[in-house]
1. Filter region 19-58 down to residues that are surrounded by 12 or more Cβ atoms within 10 Å (Cβ to Cβ) and either in contact (Cβ under 8 Å) with a residue 60 or more places away in the chain or hydrophobic (A, V, I, L, M, F, W, C) (or both), then give me how many there are.
2. Being of a type in the set (Phe, Trp, Tyr) and farther than 16 Å from Cys2 by Cα is the filter here; which residues of region 15-64 pass it?
3. When the residues of region 13-71 are narrowed to those that are among the polar types (S, T, N, Q) and assigned to a helix (DSSP H, G or I), which ends up farthest from the chain's Cα centre (by Cα)?
4. State which residue pairs qualify: first residue charged (D, E, K, R) and inside region 1-17, second residue modelled with pLDDT under 90 and surrounded by 11 or more Cβ atoms within 10 Å (Cβ to Cβ) in any location, beta carbons under 9 Å apart, and separation of 6 or more residues or different chains.
5. Which one of these does Ala4 not meet: (1) at pLDDT below 95; (2) surrounded by 10 or more Cβ atoms within 10 Å (Cβ to Cβ)?
Amino acid sequence: MCIANIDRRLIDARSTEIGLREAAGLCTKGQEGIKARFIQAADQINTLIGMVEGTAFVAKLNHDVIKGMRA
């Protein structure tokens, strides 16, 4: 998968995270369980975004090192 596709998917994931947090904010009294699930899902998406960003950064570093070794 190319970097542009990863970046687009990360943007979509961030939008989804924001939407889940907004949905949690709209929950009324008596919907604490649903609110907790929305927040939990948003937190998990945020964690995955961080992991993907870190992995992409390491992949870019590896690419640059290998490319530099060939020069």
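The values are calculated or read from the model by the stated rules, or taken from the named source; none is laboratory data. Worth saying up front: this structure is predicted, and the values here are computed from it rather than measured. Note: ideal-geometry Cβ built from the backbone for every residue, glycine included; neighbour counts use all protein chains shown.
1. Count: 15.
2. Residue satisfying the conditions is Phe38 alone.
3. Kept after step one, since they are among the polar types (S, T, N, Q), are these residues of region 13-71: 15-16, 28, 31, 40, 44, 46-47, 55, 62.
So of that shortlist, the ones also assigned to a helix (DSSP H, G or I) come out as 15-16, 40, 44, 46-47, 55, 62.
Working: Ser15: 9, Thr16: 9, Gln40: 14, Gln44: 8, Asn46: 5, Thr47: 6, Thr55: 12, Asn62: 22 Å.
Once the filter is applied, the top-ranked residue is Asn62.
4. These pairs meet every condition: Asp7/Ala56.
5. Checking Ala4 against (1) at pLDDT below 95; (2) surrounded by 10 or more Cβ atoms within 10 Å (Cβ to Cβ), the one that fails is (2).
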